[in-house]
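To keep things clear, I will list the structure first and then write my remarks on it.
Any read-out appearing in this document is the output of simple, stated calculations on the displayed coordinates, not a laboratory observation. Computed from a prediction, not measured in an experiment: that's the story for all the values here. When we count neighbours, we look across all protein chains shown, and the Cβ atoms used for this are built from the backbone with ideal geometry, even at glycine.
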Amino acid sequence: MTTGSAGWSGAASDRPTLDTVAAAAGVSRMTVSNAYNHPDQLSAATRARVLETAHRLGYQGPDPTAASLRLGRTGTVGVVLTERLPYAFADPGMVSILHGIATELSSAGNALALVPSSRPDGQSLLRHAMVDGLILCGVDDADTSVPAALARHLPMVTVGSPRLVGIPWVGIDNRRAAALVADHLLGLGHRRFAAITTAEGEKSEPHPLFVQRVEGFRDSLLANGVNRGDIEVTGAAENSRTAAHELGREVLARPPEQRPTALFAVTDILALGILDATTELGAAVPGDLSLVGFDGIPESATSTPPLTTISQRLFTQGSVAARLVLQMIAGKTPRVPRFTAKLEVRASTGSPEIAAAQL
């Protein structure tokens, strides 16, 4: 076994410890600890000697895991997502929420740990996650992670879904927001509609948030006298531009009199995929089809034409969720702000008379 500037080499049991450094530097164990945790309690010369000795021996400092156990804090907040983490990063809306969470946690000196809702075998990963609090982000109400998270009895906030009794929730009223879309399209004179949703995961069922959006859209149309047969609800294979593109091709392949004149997609990603199909097939938007999305992601404002959409402050929702859980970790009672959605009317929607005039 040798020591030197290259660091310590030897068996795990021979790795340098706080006591090893104390003996080599000729100081107490507490002095070594203070060199890392309370440097103001040492002279500059003593601290420099301790750190130089630690570096020579290859000592990396106190074990952060042991320190967190002593303090009862890890300095980390767990963010629970769908079981498919790659999907979360493919969804610009979710990325905006995560950006807000990460920005707030970083500003407060905390780390973020991403936790999939479950393992491939269906078991929750939450039981052993070393975190001070949890943010459940867009998780299905029936997901196994929900009872697992509640069983931890940690400070917890949810974003979007699920909505749990006694747990702070950050989000918008999706039904009411979707009703704004219906009102807008009805005001333009449309009478044949389609709502595009998507199935998620092996269950082949839409996410609860998507269900709420479809229901809000359809219920508002029905309440305003639209026949149920003039409201089509169909689903893309997944929430992606590619899947929506394929679905859009199918819809646009129908004779004009059998197609909807207005289409509401429950995410901007789906709406942009439909827009890709209209471009490929030479269909005019809004001349042949008025198109509305949901979320207000940056791409919706730069598409051709710019997409009418329901905008919600996703980054701010993430930031607020992080702030709330940090307040709870500190023993405070958080005040949850109310978020509202806004209809951003852009060039992708117009009167159906535009299409009639072009025939």
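A few comments on the model shown:
- Taking amide H atoms as placed 1.01 Å from N in the peptide plane, the amide H of Ala195 lies under 5 Å from those of Glu232, Val233, Thr234, Phe264, each 5 or more residues away in sequence or on another chain.
- Using the Cβ-Cβ distance between Asp219 and Glu344 with R0 = 25 Å, the FRET efficiency computed as 1/(1 + (r/R0)^6) comes to roughly 0.70.
- Share of pairwise Cα-Cα distances greater than 18 Å in region 12-62 is 17 percent (whole percent).
- Between Ser351 and Glu280, the C-beta separation translates, for a Förster distance of 41 Å, into a calculated FRET efficiency of about 0.95.
- Under a Gaussian network description of the chain, with springs only between Cα atoms under 10 Å, the residue in Asp288, Asp141, Asp40 that fluctuates furthest is Asp40.
- For the chain, the equivalent ellipsoid derived from the Cα gyration tensor has semi-axes of 55, 20, 18 Å, listed largest first.
- Mean residue ellipticity (222 nm) of the chain, computed from DSSP H runs ≥ 4 via -39,500 (n - 2.57), nearest 500: -13000 deg cm²/dmol
- Of all complete DSSP H helices in the chain, those with a Cα span along the helix axis of 15 Å or greater and a mean Kyte-Doolittle hydropathy of -1.0 or more are 44-57, 92-107, 174-188, 208-223, 241-252, 268-281, 314-329.
- Between Trp169 and Val95, the simple label model (points 7 Å from Cα in the Cβ direction) yields a spacing of 2.9 nm.
- The radius of gyration of the Cα set in region 230-354, together with its Dmax, comes out at 18.0, 62 angstrom.
- Two-site FRET efficiency, Ala111 against Leu150, from Cβ-Cβ distance with R₀ of 25 Å, rounded to 0.05: 0.65
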